[in-house]
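Notes to accompany the following structure.
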Amino acid sequence: MSCGTAMLSDEHLAKRSKSQFQAMKNKEKISTNSSHQAMIDRIGKRITGVAQVDLPGTEWEFVVFQKSEPNAFAMPGGKVGVNSGLIELAGGNEDEVAAVIGHEIAHVAFRHSNKRMTQAMGIALGGVILNTAMRNKSSTDRLLAGGVYGAGTTVGMALPFSRSQEREADHRGLFYSAMAGYDPRAAVSFWKKMRGRKKRKMPQFLSTHPNPGNRIEFLESNMDHAYGLYVEAKNARGETPNP
Ligand SMILES: [Zn+2]
């Protein structure tokens with residue numbers, strides 16, 4: 001049911017992600033807006049609480065980068081970055097930011113980066129690498145470290161996801177955020193804002209997360225179910241759901 005095959009070592013990708021994320025934190029400006037940081041920590045805690053059944057034992061880390069581009073990403077191994085520009089595009093609406101983080105974490109749960117990299121390596125080497133990868137993962141790791149996927153390739157950020165992977169992430173992400181008690185209708189309002197922006201300039205986020213086509217219609221077709229889960233989650237939290 002899930003798209004593609006993941007053949008790289010998850011351990012390798014997680015390790016590589018961690019060091020790349022660390023390098024990013026050293027190089028990029030980290031937001032000093034403590035309410036933004038508190039917001040994504042809160043969202044992160046609630047969504048990973050739901051997603052942990054799919055990603056047990058992950059050490060999650062959420063960082064707000066001071067960047068105007070409305071972008072967000074989640075790397076294998078649980079490293080999540082959200083740009084301040086995305087929180088601003090959402091107008092500080094926590095449900096909308098949660099919709100994006102749910103989508104990103106769904107990509108990690110489906111191991112989409114691993115599948116994309118496996119596929120790209122297969123194309124690059126005419127499929128030879130896939131046989132090698134099956135026989136000996138450490139040789140894959142050596143190749144990854146040294147060549148086909150060299151230091152310039154950031155795990156989970158450099159390769160665009162496929163449209164079917166986007167659909168999977170939209171679907172599961174919608175339910176993650178709803179089950180975490182975030183209004184799932186915010187996914188639709190966020191993507192409408194993104195669509196409005198796209199007319200002016202292609203945001204970085206959309207270059208790695210291509211629109212699977214009628215994304216909003218797809219989300220809306222799952223909304224009754226997601227809304228029901230959201231109401232249950234809110235009631236369980238002793239909170240009042242949005243009508
Ligand atoms: Zn995506």
Could you check residue 236 against (1) in contact with a Lys or Arg (Cβ under 7 Å, 6 or more places away or on another chain); (2) surrounded by fewer than 16 Cβ atoms within 10 Å (Cβ to Cβ); (3) of a type in the set (A, V, I, L, M, F, W, C) and say which number it fails? (1)
Filter region 82-115 down to the residues that are under 9 Å from the mean Cα position of the chain (by Cα) and either of a type outside the set (A, V, I, L, M, F, W, C) or assigned to a loop (DSSP other than H, G, I, E, B) (or both), then identify the one that is surrounded by the most Cβ atoms within 10 Å (Cβ to Cβ). 102
Test for residue 58: is it away from the ligand (no atom under 16 Å from the Cβ), over 22 Å from residue 192 (Cα atoms), surrounded by 18 or more Cβ atoms within 10 Å (Cβ to Cβ) and hydroxyl-bearing (Ser, Thr, Tyr): yes
If we keep just the residues of region 169-192 that are under 16 Å from residue 228 (Cβ atoms) and in contact with a Gly (Cβ under 6 Å, 6 or more places away or on another chain), which is surrounded by the most Cβ atoms within 10 Å (Cβ to Cβ)? 177
Picking from 57, 49, the residue that is assigned to a helix (DSSP H, G or I), over 25 Å from residue 206 (Cβ atoms) and within 18 Å of the chain's Cα centre (by Cα) would be 49
Where a residue in region 166-180 is within 12 Å of the ligand (Cβ to nearest atom) and its partner, wherever it lies, is of a type in the set (Ser, Thr, Tyr) and not in a helix (DSSP H, G or I), with Cβ under 7 Å and at least six apart: 168/2
Please identify the pairs in which a residue from region 98-119 that is within 11 Å of the ligand (Cβ to nearest atom) has its Cβ atom under 7 Å from the Cβ atom of a residue that is of a type in the set (Lys, Arg), counting only partners at least 6 apart or on another chain. 106/172
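Just so you know, all these numbers are worked out from the coordinates, no wet-lab data involved. Since the structure is predicted, the reported quantities are computational estimates derived from the model, not experimental observations. When we count neighbours, we look across all protein chains shown, and the Cβ atoms used for this are built from the backbone with ideal geometry, even at glycine.
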